[in-house]
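Worksheet: one structure, shown below.
Just so it is clear, none of the values below were taken in a lab; they were calculated from the coordinates. Note that the structure is a prediction, hence the values are computed from the model and not measured. Positions of Cβ are generated from backbone atoms using ideal geometry, with glycine treated the same way; all protein chains shown enter the neighbour counts.
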4 protein chains.
Amino acid sequence: MFSADLLAGIRSRAAGYDQTNSFFDEDLQGLVAAGYLRALVPVEFGGLGLTLQQTTRAQTLLAAHAPATALAVNMHLVWTGVARSLHDQGDHSLDFVLAEAGRDEIFGFGVSERGNDLMLFGSTTDALPQPGGGYRFTGTKIFTSLSPAWTRLGTHGLDSSDPENPTIVWAFLDRTDTGIGVKDDWNTLGMRASQSQSTLLDGALARPDRVVRQLPVGPNGDPLVAGIFANFEILLAAVYTGIGQRAVELAVAGAKRRTSLKNDGRTHAQDPVARWRVGGLVMAMDGIYPQIDALARAVDEQTWQTGPAWFTQLSGLKYRATQNAKFVVDTAVQVVGGSAYNADSELARLYRDVLAGFFQPSDADSAHGTAAASVLGPIDQGPVDLRSS
Amino acid sequence: MFSADLLAGIRSRAAGYDQTNSFFDEDLQGLVAAGYLRALVPVEFGGLGLTLQQTTRAQTLLAAHAPATALAVNMHLVWTGVARSLHDQGDHSLDFVLAEAGRDEIFGFGVSERGNDLMLFGSTTDALPQPGGGYRFTGTKIFTSLSPAWTRLGTHGLDSSDPENPTIVWAFLDRTDTGIGVKDDWNTLGMRASQSQSTLLDGALARPDRVVRQLPVGPNGDPLVAGIFANFEILLAAVYTGIGQRAVELAVAGAKRRTSLKNDGRTHAQDPVARWRVGGLVMAMDGIYPQIDALARAVDEQTWQTGPAWFTQLSGLKYRATQNAKFVVDTAVQVVGGSAYNADSELARLYRDVLAGFFQPSDADSAHGTAAASVLGPIDQGPVDLRSS
Amino acid sequence: MFSADLLAGIRSRAAGYDQTNSFFDEDLQGLVAAGYLRALVPVEFGGLGLTLQQTTRAQTLLAAHAPATALAVNMHLVWTGVARSLHDQGDHSLDFVLAEAGRDEIFGFGVSERGNDLMLFGSTTDALPQPGGGYRFTGTKIFTSLSPAWTRLGTHGLDSSDPENPTIVWAFLDRTDTGIGVKDDWNTLGMRASQSQSTLLDGALARPDRVVRQLPVGPNGDPLVAGIFANFEILLAAVYTGIGQRAVELAVAGAKRRTSLKNDGRTHAQDPVARWRVGGLVMAMDGIYPQIDALARAVDEQTWQTGPAWFTQLSGLKYRATQNAKFVVDTAVQVVGGSAYNADSELARLYRDVLAGFFQPSDADSAHGTAAASVLGPIDQGPVDLRSS
Amino acid sequence: MFSADLLAGIRSRAAGYDQTNSFFDEDLQGLVAAGYLRALVPVEFGGLGLTLQQTTRAQTLLAAHAPATALAVNMHLVWTGVARSLHDQGDHSLDFVLAEAGRDEIFGFGVSERGNDLMLFGSTTDALPQPGGGYRFTGTKIFTSLSPAWTRLGTHGLDSSDPENPTIVWAFLDRTDTGIGVKDDWNTLGMRASQSQSTLLDGALARPDRVVRQLPVGPNGDPLVAGIFANFEILLAAVYTGIGQRAVELAVAGAKRRTSLKNDGRTHAQDPVARWRVGGLVMAMDGIYPQIDALARAVDEQTWQTGPAWFTQLSGLKYRATQNAKFVVDTAVQVVGGSAYNADSELARLYRDVLAGFFQPSDADSAHGTAAASVLGPIDQGPVDLRSS
């Protein structure tokens, strides 16, 4: 998949992108050249035809070399994964995504909005129907990974033209549209190279053949939504797992390097308590891989069934993988000791990068809510008096 | 596999066995009648020919109905699983186990010894070579599950007849041997129905054709050892996962039953914080199943490779599954509230049962040590001065 | 305070009371004889005149010898502590409690009701006003510690005779009243010797001079309520801290006794990882003592101020102390190893006893709610739509 | 102590110092002008004569405004605190520190060395005795807070001139000495304004009257060592507690600001799960303050007794306070949500700052080791065979 050179180059550039808060241009060129952005595109569309399982492993490996690069590429992979899933189910409404990705178009994921914790099921962006079936979108999307590079943007908005039947509209925009602006406002603690800037939609037009869904507001199991959910959560889990994997490597190297005067100058690799910590890291990582594999394989083999249990498994996987990566990085820092606290240390960067996992969907609250509902049913809709809680 | 009646009966008897500290006789008869003790025995030996993966799922289900019953049966399943693994690898040294299990002999697992944390790789039991190739074993084995019922005992001891080349001898004893005594000394906080009493070996004889291995002292990757390790850890993980599964069911039922005056008499199933806890339980359990599946399938498909990483995955699985079950039970208790604290509540029993997972091999220290060694190598053998640590 | 003989006797009887689920009669006689039930009663009322700080330390010591005994006595100490607090503030409405306790009357705490998570601020017990100012109480109180022994019962109920102004009535009942019944229904996982049975009030009469408060329904800072809150939470923290203290002693003893074949037969006291665990236990306990001291001293010196921060500190202390004790017991069990799992081991009993701390007020939810409200203000009272959470 | 203006200025400059990786010059001038560096200096030496307890509270407050500023000032406070402790005990060997600090000399703490986990009890710096009783020090000290500003450096080194009796020499150097160099090498993930650069000692001279101790190598309870230990650990706990305190303020503000579409646009301050988290933060902080108070008061009132229990309490306090601050910051980040991930957010800086607490002495391993030894005694000195662990 990736040549050793490509990976080495990607790792060597990560610190620089982070420091200058700049986009991973050179990485992206290398990945495009290697055909990686066509990983999930079927062979008949000019792609590599990899399975989702294979792709998650590649994403883990990539993230272990440059988390922000993997995270940004993830969004393109999500759209191609969704399109492939639908295609495999006999739904060809997103085949154009496969065709275009096969011709090296790059897809951005323009869904997140400030304060919108309904995520896929609500929107603060206006979707105005146009004669002939197109839509014009107006609103601000945040966290649009790949901002400097995407050429197509998958997005959603609320069509409230019929107040009785508001609908969520899903469509794809073309970067060349004049109604699209990009704010240069990405300046985060970590994951800096992803340059996930805000996107300003000011009547941006989606052509009728790029409008792929009109869905009722609120949770639903439409194959598009289910496809986004599955590909998004699984691939995100793979990325954060790569951070954890790399943190273990750095912990092992650190333990072998760090010496102890207390212990006659031996390394911490010989210290039983440091070994205990490292053992804990290894076991923590071992527990995640089969979880990613299992859900990715379910997608590949179409053995999943849309429903509360499936959504719970998906958001749960992302939750566990990001929590795990956070634990692993925090512990690796302790194993390595003071040198990990240098601003230039890779582990210090991972400590900043890994935190992003707290904020990306499904966040902890959303994941717990979905899981609870899967066994307790929905919460009552009547007035709840919580005065004394 | 199990009829609804069988399972219902098993669940209905669990509290009684626990209270009277008595063996799960009736359960065992039912399981034998259902052929369950022949689950892992190939069809050609009169068994059901289930895979290990199928069997782990059955064990989880069984443990969700009666943890101690599942735990005790586990030991017999380990021996038959080991014999089946060897058989599949073309090693027929334990085929007699399959043949006998196919004829409803019941196998006990007589390995644990007080203070022996070397486990499979050392022994305080004496194995005295006999003319013709047999051995006489003298020593005390503890935690011999199925004490009242086993008819064959797989065991190990140290043959130090050649002081230069001490060896660990593995063999099977027949219950009818006069050198075998059983102490009625099982009185534990939980897992009481397993009646895992101490076994006194006083020159108990293993016939030459029942002596299956003579191995060097210390860690090694002999297929017998690897087979025990794999079947033991995976099946144990399945049992404790069944406890967790049941605890979630009880938590869900409890949340739906328990009311809150604060919340106008609504149930805790409507309380956001209780829902958060229940959601956490569901996600915790979801994370374990694919881990068990993955390793069981590796055994079934013979895709594992003996080595530090494989042993780490195995003991890590058991460690994570037991830790997870403990977390789940402790949290379920909080969800259910005060009624869980009744001595008669099923959850109070699970709270006692689940703790046994801390003590069974591989314990936390052993699992961490194995995992650390897999990436850091062994600890130095020279004199270590830990004076000031 | 306690003679060595008294403490030794109390410890020696704890296992027996637990096993037979019987009341700590002989302990109580010894404690009464030692004057301990008059600990918080001022000297002028015939008491020992100890401070609350001194009494918390005594309760910790007592709990380290017999948790259930300390827990049951706690309830009597709460009432005498409340009465003393009020007396010190110049409020003599509960002086009769001090006078009677000085004459060896024993006070029970009859407040808890099934499903009443409003605790002090609501009640499902009916308080019917009587001519002349007395009240008749009808309802069921649960968890009435000291059931076999109390002679006076402090209790509360709801007077809804004026539907516009329902009030919570606080009063003391005499055991000799014919309207009082005790159900022999105490059969819990732990804390068995406390015999905290249910109390059936069937028109039980409180004389006018035993009716001490009529308060509005809902949270308020009346000195009686504040006094109960303070004495209850602080003394409870002291009891669970005693369990933790004892668990550390048992862990230390276990580490010194348990040997390791892996480590050439040395004890676990020489094992760096076991030492790490024990060190963690010591540090965990060290963190709790000053917290109890600080709040008890605030009560003794009347430096507290009723308000959200004070209530938060109180319920927070109880929460932290019980969580800490749970962590300490669970970890101590790991240090000691398999022998802790004997049904007869003291640590196995502590493992059962310590769980009670989850259920006693303030429970985790209540403590978090109080703490949140202290900085975020109350939750809105309008209709909340949580449909999608 | 601090004027509102001083604190506001300090907070306003913190982000800038952090970004430019520059020393807190202006803060320091303000603190010196306010007399704060004389906080612990007795009045008769021209100081403010504050107690250690009062000073810890001031340090917590200062850290809540600028963690790195408080951390750097801490080191000067440690030396003056030690000198004051000794003075109060009738030991006048460090009175010159009080006199000089009273004249606004600034003291650096030059003890840490790379790989020296023996800390106060060993050194890789050479201390060469000079005729007349002085010493020349050669070696590299790391983490010398206040590097740009200190005028006196308290340090230690190993005098191995008598191979039979190596001693640890404690002395104070004058910044004007030509044997002192400072490397401009401070570039850390957090706590950047402290500019805790490396100090190169190349035969730096301590005059005979500035050599304050010659102690045997290894643990000992000399009042100087005990004084450093106490003042260092307690003041460090106070600093990290300030970080936690500020994180709670930011979490509260964030919860009140952040809105939820799911919850009809209400703020997270109205969300029960967010409230649960905030309540947890408040309770976590409440648990630390009395711990700091209690040990500081013990120092002030000289009620401590040198010994394993006292050292355990001290390093335990620092351990618990830093762990607590880490938990609080990580949780506050979750409460605030995505906006906390902006590089410019104060919470993102605290997330970086708080990690330093993992590395400063006593680190987790040292604290656990000390605590374990206090109850288990020292680890055996004989050869330990850990081959199989």
The protein assembly as shown - mean residue ellipticity at 222 nm from DSSP helices (-39,500 (n - 2.57) per run, n ≥ 4, rounded to 500): -16000 deg cm²/dmol
Lysines with Cα under 19 Å of A:K326, excluding same-chain neighbours fewer than 8 positions away: A:K318, D:K326
FRET efficiency estimate (nearest 0.05) - Cβ-Cβ, D:R257 to A:T151, R0 35 angstrom: 0.45
Rounded, prolate or oblate (a/c below 1.5 giving rounded, otherwise prolate when a/b exceeds b/c) for chain B by Cα gyration tensor: prolate
Other-copy label distances relative to D:N165, 7 angstrom Cα-Cβ extension, nm: 5.9, 8.6, 9.9
Relative contact order, percent, the range A:195-345 [alpha-carbon distance under 8 Å, six or more residues apart]: 35
Hits among aspartates and glutamates - C-alpha to C-alpha of D:K262 under 17 Å, sequence gap 8 or more where chains match: A:E113, A:D117, A:D363, A:D365, A:D380, B:D271, C:D380, C:D385, D:D271
For the range A:1-108: relative contact order, % (alpha-carbon pairs under 8 angstrom, 6 or more apart): 26
Using a 7 Å Cα-to-Cβ projection, D:G218 label spacings across copies, nm, ascending: 3.3, 6.9, 7.5
Cross-link reach list, lysines versus B:K183, counting only Cα pairs under 26 Å and skipping chain neighbours closer than eight places: B:K141
For C:N21, label point 7 Å along C-beta direction: distances to other copies, nm: 1.7, 6.7, 6.9
Choice from C:Q245, C:Q19, C:Q197 with maximal GNM fluctuation in chain C (Cα, 10 Å cutoff): C:Q19
Residue with peak Gaussian network fluctuation, chain A [Cα springs, cutoff 10 Å], from A:G357, A:G377, A:G307: A:G377
The range D:139-148 - phi-based ³J(HN,Hα) in whole Hz, Karplus 6.51/-1.76/1.60, Gly and Pro as x: x, 10, 9, 10, 6, 8, 4, 6, 3, x
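Averaged over its residues, how many other protein chain Cβ atoms are within 10 Å of peptide D:164-174's Cβ atoms?
Whole-number average of other-chain Cβ neighbours for D:164-174 is 0.
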Sequence-distant residues sharing a close amide H with A:G203 (under 5 Å, placed H): A:F137, A:T138, A:G139
Max mean-square fluctuation residue, GNM over chain B, Cα-Cα springs under 10 Å, options B:L235, B:L50, B:L317: B:L50
Per the axis that maps chain D onto chain C, nearest residue of D (Cβ criterion) and its distance in Å: D:P290, 2
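What shape does the protein assembly as shown take by its C-alpha gyration tensor, where a ≥ b ≥ c are the square roots of the eigenvalues and a/c under 1.5 counts as rounded, a/b above b/c as prolate, and the rest as oblate? Please list the in-between numbers first.
Values: a/c = 1.13, a/b = 1.03, b/c = 1.10.
In terms of gyration-tensor shape, rounded.
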Peptide-level mean, for B:70-76, of C-beta atoms on other protein chains within 10 Å: 0
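Just want to confirm a number: the relative contact order over the range A:11-67, from Cα pairs under 8 angstrom separated by 6+ residues, in percent.
Working: 35 pairs, mean separation 14.3, N = 57.
So the answer I get is 25 percent.
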